[in-house]
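Notes to accompany the following structure.
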Amino acid sequence: MALFGDGDGYDDGKADKGAAMPPSKPVTVKYTPKKAVVANVTRKVQRFAPVPAEPAVPAEPAVEPVAPAEAGLADFLKATLASTFVFYHAAHRAHWNVMGPDFAEYHELFGSIYEDVYGSVDPFGEYVRTLRAFPLNLSEVVAKSGIADDTTTTDARELATDLQVKNASLIEMLKGLFRSANDADEQGIANFVAERIARHQKWDWQLSSSIS
């Protein structure tokens, strides 16, 4: 019995020429290049990925337009505020640093001065804002002040003399600010400045009397 081939008991590698081969079915292979798939996915990811927002840049404070007279008054107010703040600090340092046999009296006097002057700092800044301007930063305060906090002594009378000179300069500045406020028809500011002139004239009297 022939198992394979032409019936001689073994397969000689030759196909039986008389046998018909079954027809083969064509096989279709669909091939998608990998690069095209990756590119297609990448485009879809890029299309739906959120665009990173740029970091926000802090905006400068918006300054509302003011009339020329008010603008000049605002600058005058800021300069006076700077001098007032430096004078306050000079009085506070004198309160801390004073030494000598009259320590108690001068320590109390300098304390009364710096507490009063410090109480005027906030109203000065608020009046600057009512004119749609902005108070100075600390570096600008030191640069624009007409008074220098430069005393190094601890002697009571020398400290009092130094404060008396600085206070006299501040009074003259306040008087100029008072005239400027009246010219701009800013009666609220003018009234506040008039009160400050009166207070500083009181300190001038007490300081000059303590060293005479």
Handout entry: Full-stretch length increase - Ala194, Ser169 - with 0.36 nm per residue and alpha-carbon distance subtracted
Key = 7.4 nm
Exercise for the section: Taking the Cβ of each residue in Asp75, Asp150 as the centre, tally the other Cβ atoms inside 10 Å and list the residues starting with the fewest. Expected result: Asp150, Asp75
Handout entry: For Trp203, Trp96, order by how many other beta-carbon atoms lie within 10 Å, fewest first
Key = Trp96, Trp203
Exercise for the section: With a point put 7 Å past each Cα toward its Cβ, work out how far Val121 is from Ser208 in nm, to one decimal. Expected result: 2.8 nm
Fill in the blank from the handout: Note: Thr153 to Glu105 extended length (0.36 nm per residue) minus current alpha-carbon separation gives 15.6 nm
Problem - Per-peptide average of other Cβ atoms within 10 Å, ordering 137-147, 153-163 highest first - result: 153-163, 137-147
Practice task
Give me the distance in nm between label points sitting 7 Å out from Cα along the Cα-to-Cβ direction at Gln201 and Trp96, one decimal.
Solution key: 3.3 nm
Handout entry: Ranked Val165, Val128, criterion: other C-beta atoms within 10 Å, fewest first
Key = Val165, Val128
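No value in this document is a laboratory result; all are computed from the given coordinates. As the structure is a prediction and not an experimental result, all values here were calculated from the model. With ideal geometry, Cβ positions are generated from the backbone for all residues, glycine too; neighbour counts draw on all protein chains shown.
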